Amino acid sequence: MVQKSKPPAAANESERRAEPKRRGRPRAYEPDVALGKALDLFRRQGFAATSLDDLSEATGMNRPSLYGAFGDKRELYIKSYQRYREDARARMVDIFRQEMPVRQRLERIYAAALDIYLSGETGPRGCFTVVTAASEAVGDPEIRAMVLEGLADLDKAFASCFRRAKEKGELPESADPAALAQLASATVHTIAIRSRARVSRKDLEAIVKGAIDVMVGVKG
């Protein structure tokens, strides 16, 4: 007796059933992608206003997955802040290192800062340090240390710029690189706050121009 062969469709169906199901992980479960989504959320809402449910929805990860990948909410916040600092440093490092006139350097630094602060799909996100981390620094020693380190690093980078400018004769002998660095950092902080308040880029650039005029126009 000749056995009838299965119709192609039926055979294919049997093969599909026999194959083990492959479990894929959606893109949101990739740690780097999920951390970026958490970072965006913390920048918009801050630490206290961001719930685990918010983070779960933003990243596409349930709570156990979040804990497994990043730890608790505080640990995820700290990792997000570290990621923000690394990204900001990467965008600024070449501008600080390259040789160029001090005014041009400052203009490029502030332009890059405004690009960071004014970015965001739902509106300007400002600066993580100024908008949210500074508040958490009051009660959290680890975050406070990170904030202070970030502020000190920015002061040092600006001071180095002003020292080189002074050596090249772009600034008068009476110029104090350390004091100018603090003024330059303060300008970064004010445009960060004002950008979050949705001050226009045109107005922020006017503030920057005025500050640069003061810094590079120091007289003895």
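The values are calculated or read from the model by the stated rules, or taken from the named source; none is laboratory data. As the structure is a prediction and not an experimental result, all values here were calculated from the model. Cβ sites come from the backbone with ideal geometry, for glycine too, and all protein chains shown count toward neighbours. Areas reflect the complete protein model, heavy atoms only, side chains present, ligands, DNA and RNA absent. Shrake-Rupley method; radii C 1.70, N 1.55, O 1.52, S 1.80 Å.
Of all residues in segment 169-220, those that are within 20 Å of Thr122 (Cα to Cα), surrounded by 15 or more Cβ atoms within 10 Å (Cβ to Cβ) and not aliphatic (A, V, I, L, M) total 4. Which numbered condition trips up Ser135, out of (1) on the phi > 0 side of the Ramachandran plot; (2) of a type outside the set (D, E, K, R); (3) open to solvent by 40 Å² or more (accessible area, probe 1.4 Å)? That leaves (1) as the condition not met.
Of all residue pairs spaced 6 or more apart or on separate chains, those with beta-carbon atoms under 7 Å, a first member in segment 166-188 that is farther than 20 Å from Lys209 by Cβ and a second member that is surrounded by fewer than 15 Cβ atoms within 10 Å (Cβ to Cβ) and of a type in the set (Lys, Arg) are Pro172/Lys219. When each of Ser135, Ser174, Ser185 is tested for being over 20 Å from Glu86 (Cβ atoms), part of a helix (DSSP H, G or I) and not aliphatic (A, V, I, L, M), the lone residue that passes is Ser135.
For first residues located in segment 37-55 and over 18 Å from Gly126 (Cβ atoms), partners that are of a type in the set (S, T, N, Q) and open to solvent by 50 Å² or more (accessible area, probe 1.4 Å) and lie 6+ apart or on another chain with Cβ distances below 8 Å form the pairs Asp54/Gln45. Does any residue of segment 114-124 turn out to be outside any helix (DSSP H, G or I), crowded, with 16+ Cβ neighbours inside 10 Å, in contact (Cβ under 8 Å) with a residue 40 or more places away in the chain and in contact with a Lys or Arg (Cβ under 7 Å, 6 or more places away or on another chain)? Yes, that holds for at least one residue.
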